[in-house]
1. Over the stretch 115-257, what lengths in whole Å, largest first, do the semi-axes of the equivalent ellipsoid take, defined as the square roots of 5 times the eigenvalues of the alpha-carbon gyration tensor?
2. If I stretch the segment between Asn396 and Leu230 completely, what's the gain in nm (0.36 nm per residue apart, minus their alpha carbon distance), one decimal?
3. Suppose R0 equals 56 Å; then what is the FRET efficiency for Ala294 and Ala237 from their Cβ-Cβ distance, rounded to the nearest 0.05?
4. If I histogram all Cα-Cα distances within the stretch 219-284 using bins 5 Å wide from 0, what percent of pairs lands in each bin?
5. So if each residue of separation counts as 0.36 nm, and I subtract the Cα-Cα distance between Asp325 and Thr370, what length gain in nm does that give?
6. Using the Kirkwood radius over Cα pairs, work out the Stokes-Einstein diffusion coefficient for the stretch 280-398 at 4 °C and 1.567 mPa s, in µm²/s as a whole number.
7. Take the alpha carbon atoms of the stretch 128-173, find their center, do the same for the stretch 268-316, and report the distance between the two centers in whole angstrom.
8. Each residue of the stretch 288-298 in turn: what ³J(HN,Hα) in whole Hz from Karplus with 6.51, -1.76, 1.60 and θ = phi - 60°, glycine and Pro shown as x?
Amino acid sequence: MVRGRKTLVLTLFIDNRTPMKKRGEMHRRRRIPRPGSLASPYLVDDDVKDLVETIEGRDEIWPGETRQSRIESFAAPGLGAMVALRGQAKYPVSLARSGDLAGQNSRHTLPRRARTGPAPTIVVYHNLSAAKSPWTDQISVNTDPDVFRRHVRYFARNFDLIAPGDLTRGNLPKRPLLITFDDVYKSVIDVGGPVLREVNAQSIWFINPHSVAGEALPLDNLLSLAVVELGGREVAALLGAPHGTKSSAAELILAHLPTLTYAQTKDLKMQLCQRLGAKERDLRRQSQMFIEGADLLQLRNFGMAAGNHSLTHTFFRALSQQELDTEIRGSREMLRQLTGQAVKYLAIPYGHEADATEDALNVARSSGHTAIFLAHGRSNNRMLAEDIYDRIAPGNVRPELLPVSIHLLPWLRTIRDRFH
C-alpha cells in the first residue's frame, strides 16, 4: 500500500434467501483513497462496474455471507453513470450530481447533516406496466408489475414497512422503509394498490392535480410521444437545439426544460400538439394510462396518502415567487379538494436538489408540508434538512439485487456527493 494513503474497505452483506451469483474474483486487491489524497474523490465507472458485477456474476454468494471488495485508486470524472444509473429508473435529471444540471457546475448549495436514529429507506415507482407505449418509451418510468410485486414482498420480509406519518412522528423502527409513487399513472391504483394491500403496506402517491382535473397531458409524456412520432431531430429543433441534433425525450428534458418559463412551457405544448395533429385532451384520452378525478377517491382503500407533486410537474428553479405559490400552495389546496385528504408531503418534480431553492422550501413549509422529497438515490443517513428526504427508484432491478440497489449504491452516491 502507498504510504500515507488510507484505504476504505467496502463490505458487502448479502441478506436474501437464495444464492446469488458473482462474476470474476470477489476478493479484489484494489483500494479507495480517502478524500483529501491526491486522487480524485470519485470512483471510475469500471470500478463501480466491478462492484456490481461481483454481485451479478457467476460464482455463488450464499445468504448471510459477508465479503470484502477493495477498489483501487480512482480518478476523475467520477462515480459516473454506473452508480448514478444502477438502482435509478427515471430520466437522467434525477440522477445528476447537484450543480450538474442545465450547465451548472457549482458545488452543493445546501449543507448535508448526519441523521440521528434509524435512516428511512424510501423507494419511488412511477408507471407499473410492462407494455411498450410511445407515451413512456422515451422516459424510462415503467416497472414490470411482476417485478413490483416481488419488490414489495422483499420489502415486507426484510424491512419494517412504515406509514407516511411515522417520518415526522419519530421513533422509527430499526429498518424503516416507505413506498412512494410519482405522477398520475392509473396503474398505481390498478396494480400498485392491490399489491400493497397484500402486505398491508401504506404509501404516498405524489400527484399533479392539473393533469387530473384539467385533462392535461403531462409534458414528459407528450415529449416521449412526439419523439416517437416526429423524431428526435424535429422535437429538438422546437426546443432551440442546434440544427441536426438528435435527442431522446429524456435528454431533451434534462437539457432544455429546467429554464423554461411558464409561458414557454405552454407554447411548447401547443406546438407539439399542432405537429402531432391532435388536441392535448384527446391525446390524453387516447393514452388510457392516466387517472381521472374519480379515481382519487380510491386512495384510502389502499392506504395511500395523497402527496403534492406540484400543479404541473415543472422545474422550480426558474419560477417566480407567484408561480411557486401556484405550483406548491395552490396545488396542495386543489389536491385537498380532489382527495378529501390533508396534504402534508411534497415531492419536488424531477427530484433534484437544485429545485429545492430557498423560496420553494419557504412556500412548501409555510403552506403546511411537513416532509419534502428528492430523488437522487442517496442514503438518508445524511440529510439536507430534518424534513428533506431522498428516495431510490428501483425500477426493474431483479429482486435478488435489491441489496445493491437500496443499500450499497445509495451509500456510494452519498459519499460521492458529500465530497463533490
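1. 35, 17, 14
2. 57.0 nm
3. Calculated transfer efficiency: 0.90.
4. Calculated over all Cα pairs of the stretch 219-284, the distribution is 3, 18, 33, 28, 15, 3, 0 percent.
5. Extra length from Asp325 to Thr370 when fully extended: 14.6 nm.
6. The estimated diffusion coefficient comes to 83 µm²/s.
7. 20 Å
8. So the J values, rounded to whole Hz, are 6, 10, 10, 6, 10, x, 5, 5, 5, 5, 8.
None of the figures in this text is laboratory data; all of them are computed from the coordinates on show. As the structure is a prediction and not an experimental result, all values here were calculated from the model. In this analysis, Cβ positions are derived from the backbone assuming ideal geometry, glycine residues included, and neighbour counts consider all displayed protein chains.
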